[in-house]
């Protein structure tokens, strides 16, 4: 079987990278941008850094900001109507996963209107046309949505999140500028950073992992492990490291999938509105312990990448524990809680069944039953 790798056509990295957006838009003869960004980023002037580039280049745009954390079907449908009204021909997505995911869904539906109900995009939908061209500008260092073919939408009515996987939604250009991430508060830096680490570790251990994606994931684990504490302290070097590390993780996991830490985190987000990165960070060490027996020598490589000493002389059992401990310690160091107070025993059936059906679950190295998932959720109580 052939292994497929999908990445952006072009990506820019480093301080000041947003200046390249105008030249790219003009080179592609784009006429009007539909700028997708959430209200807080507009309020605090982050979106304005990009619109200033457009203004100076005399490029036309309209702003769409009906976007919330864990974007909903309604956010997407309103965006589709707004895109049509704006008569735009490309999208600039500015934000974290929420803005990016909303933009991807809008872009896909504009090009493939038969999916306007949004729900029918769940899983691997049979779209036939590439989405509206997207230039993706991340403002968080975690989701890597700018380089993935995945997006996640919340179905409020059914109290669930659903994952959409579509090669047609890949942004054509990613602009990964650490200056766009400098205003991230401490808590968001920590949670999105742990989401990135979860991507890297789950991507490295997933059933679909192979040599090229292992290269991406191990490098991402190394960069994130050495950069996250510094980024949370708002140090420039840490911010730059996280911007790169999370992108490299995305280059890997987008092409091989994730596991049950993500399927369980999606469920917690849908039911309790738990921030995605926080949910991932809480689940990751728990799931790593559960998966350990099905990972061969991979935890030795993870422990080494995270800076654990003397891994070569450890037994397999010792090094697996060391890898889990290193993840748990990083999470504690950046202020992630270990328990979820909102979690209730009476919710466990629904949570576990939803996580079991999630599109990320089949990639887990160890096949989990609904009962297994309930037991894992209990460890957060």
Discussion item. Against the definition (in the same structural domain as residue 39 (by TED's automatic domain parsing) and either in a loop (DSSP other than H, G, I, E, B) or modelled with pLDDT of 95 or more (or both)), how does residue 127 come out, yes or no?
Written reply: yes
Worksheet item: Do the conditions hold for residue 96, that is, is it touching a helix residue (DSSP H, G or I) at 6+ places or on another chain (Cβ under 8 Å), without any contact (Cβ under 8 Å) to a residue 24 or more places away in the chain and closer than 18 Å to residue 176 by Cα?
Response: no
Worksheet item: Do we have residue 107 as farther than 21 Å from residue 360 by Cβ, out of contact with any helix residue (DSSP H, G or I) (no Cβ under 6 Å at 6 or more places or on another chain), touching a residue at least 40 places away in the same chain (Cβ under 8 Å) and assigned by TED's automatic domain parsing to the domain that holds residue 60 here?
Response: yes
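Here is a yes/no grid of residues against (1) within 20 Å of residue 273 (Cβ to Cβ); (2) free of Cβ contacts under 8 Å to residues at least 40 places away in the same chain; (3) more than 18 Å from the chain's Cα centre (by Cα):
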position: 32; (1), (2), (3): no, no, yes
position: 78; (1), (2), (3): yes, yes, yes
position: 89; (1), (2), (3): no, no, yes
position: 92; (1), (2), (3): no, no, no
position: 102; (1), (2), (3): yes, no, no
position: 124; (1), (2), (3): no, no, no
position: 134; (1), (2), (3): no, no, no
Item to complete: Sort through 329, 304 and tell me the only one that's out of contact with any strand residue (DSSP E or B) (no Cβ under 8 Å at 6 or more places or on another chain), surrounded by 16 or more Cβ atoms within 10 Å (Cβ to Cβ) and assigned to a helix (DSSP H, G or I).
Response: 304
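Looking at 208, 252 in this structure, which one is out of contact with any strand residue (DSSP E or B) (no Cβ under 6 Å at 6 or more places or on another chain), over 24 Å from residue 115 (Cβ atoms) and part of a helix (DSSP H, G or I)?
Working: 208 fails: part of a helix (DSSP H, G or I).
Matching residue, one of 208, 252: 252.
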Worksheet item: Scanning for something modelled with pLDDT of 95 or more and over 30 Å from residue 186 (Cα atoms), does the stretch 324-344 turn up at least one residue?
Response: no
Item to complete: Starting from residues that are farther than 21 Å from residue 193 by Cβ and buried (at least 22 other Cβ atoms within 10 Å of the Cβ), keep the ones in the stretch 267-289 and report whichever is modelled with the lowest pLDDT.
Response: 270
Worksheet entry | Among the residues listed as 299, 356, the single one being outside the structural domain of residue 164 (by TED's automatic domain parsing), in contact (Cβ under 8 Å) with a residue 60 or more places away in the chain and either under 23 Å from the mean Cα position of the chain (by Cα) or closer than 20 Å to residue 259 by Cα (or both) | 356
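The values are calculated or read from the model by the stated rules, or taken from the named source; none is laboratory data. Note that the structure is predicted; figures quoted are calculated from it, not measured. FYI the Cβ positions are ideal-geometry reconstructions off the backbone, even for glycines, and counts take in every protein chain you see.
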